[in-house]
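The values are calculated or read from the model by the stated rules, or taken from the named source; none is laboratory data. As the structure is a prediction and not an experimental result, all values here were calculated from the model. Because the Cβ atoms are built from the backbone with ideal geometry, glycine has one as well, and the counts that use them run over all protein chains shown.
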Amino acid sequence: MKLKIEVIDTLTPGIRKFTLAPVDGSPLPRAGAGSHVVLEIPGPGRVWKNAYSITSAAEAPAYEIMVRRVEKSRGGSAWLHDHAKAGDVLEVQPPQNLFAPQRLAKRYLLLSAGIGITPFLSYLKLPGLVYELHHCCKPEDEAAFLALLPSGPQVTLHTSRNTLNLEELLKRQKLDTHLSVCGPESFMDVVLATASHAGWPAAKVHKESFGGATGGEPFVARLRRSGVTVTVGREESLLDAMEAAGLAPPCLCRGGACGECKLHVLDGVPAHHDHYLSEAERAANNEIMICVSRAKTPELVLDF
């Protein structure tokens, strides 16, 4: 889709909100709570593809997203903060939903930190949602998040993670509650470990991660069925390199969470950075999530 940036709002020095509307005025595809879109962002010599949660309601005439400027941005968030302006037109892939509210849940415990609040902003627009939300943010960002969130006893802001008593919070929830968490990896790891220790069943624990790929040593990937060899540079992912070679591997989240881009490894040892494979699958080293993972060996041979 071609979407125009209609409005840019600066929420904090490091977070901006973008309102995206169709260039031709046509209706947008419906984006249910928890959906995300992938923006194609121009950069020197290449196009970045970044996933962002949609924060607006499902029936809204425009999509709203919030973008945090990453300190060591490889291109996407830096361009949106430093160069994007109202009127710019971007290619945007239609919404996908990997983090929809669970239909069987009677109530929700929503835990987030920083920009991890974004998928929950669409949750809060659902009529009749029974929830308790705890959000952790920096003290200087408190006013901005207070303006974004509904007021009431079901919402608590924490300007220090030390004030969030996870053990007590998780133990006092009713049995029909589902836990959803989104935020930095360090935050999610602590929440998930605490929930596991408290006896929460895996079926009632849900997380969203858009950590994205990190750089590393260059390596070569030989794609056996395609007969193509690609070189993956320091600042690009294996998925990026395959797309730059004119290939179209499957992908949805571009953050190592959904499993869509999993490929079979025929030779070489992958360096796993995903949130999808089990520990046993990682140890087997015969599968790789190409959107975020890299190689421990100079070369990988993949079944693609």
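Checking the stated criteria, Lys125 turns out to be charged (D, E, K, R), closer than 24 Å to Glu59 by Cα, out of contact with any Lys or Arg (no Cβ under 6 Å at 6 or more places or on another chain) and outside the structural domain of Arg68 (by TED's automatic domain parsing).
Yes/no per residue for (1) among the β-branched types (Val, Ile, Thr); (2) free of Cβ contacts under 8 Å to residues at least 40 places away in the same chain; (3) closer than 15 Å to His206 by Cα:
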residue	(1), (2), (3)
Leu98	no, no, yes
Ala105	no, no, yes
Gly114	no, no, no
Phe145	no, yes, no
Gly152	no, yes, no
Glu167	no, yes, no
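Do we find that Val292 is crowded, with 20+ Cβ neighbours inside 10 Å, outside the structural domain of Glu168 (by TED's automatic domain parsing) and either of a type outside the set (A, V, I, L, M, F, W, C) or closer than 25 Å to Tyr52 by Cβ (or both) in this structure? Spelling it out, Val292 is indeed crowded, with 20+ Cβ neighbours inside 10 Å, outside the structural domain of Glu168 (by TED's automatic domain parsing) and either of a type outside the set (A, V, I, L, M, F, W, C) or closer than 25 Å to Tyr52 by Cβ (or both).
Residues in the stretch 2-45 that are more than 16 Å from the chain's Cα centre (by Cα) and at positive phi: Gly25, Gly45. For Ala60, the test of being crowded, with 16+ Cβ neighbours inside 10 Å, more than 23 Å from Val292 (Cβ to Cβ) and modelled with pLDDT of 95 or more is failed. The selection criterion, being more than 21 Å from His275 (Cα to Cα) and either of a type outside the set (Lys, Arg) or surrounded by fewer than 19 Cβ atoms within 10 Å (Cβ to Cβ) (or both), does not hold for Ala51.
Per the listing Thr19, Thr10, the residue uniquely surrounded by fewer than 16 Cβ atoms within 10 Å (Cβ to Cβ) and not in a loop (DSSP other than H, G, I, E, B) is Thr10.
Scan the strands (runs of 3 or more DSSP E) fully inside the stretch 50-169 and keep the ones with 3 or more residues being of a type outside the set (S, T, N, Q) and within 20 Å of Leu11 (Cβ to Cβ).
63-68, 131-136, 155-158
Looking across Val181, Val232, Val220, one residue alone is under 19 Å from Asp267 (Cβ atoms), buried (at least 18 other Cβ atoms within 10 Å of the Cβ) and not polar (S, T, N, Q). It is Val232.
Kindly provide the set of residues from the stretch 28-43 that are of a type outside the set (A, V, I, L, M), touching a strand residue (DSSP E or B) at 6+ places or on another chain (Cβ under 9 Å), more than 21 Å from Ser112 (Cβ to Cβ) and assigned to a strand (DSSP E or B), ordered by number. Glu40, Pro42, listed by residue number.
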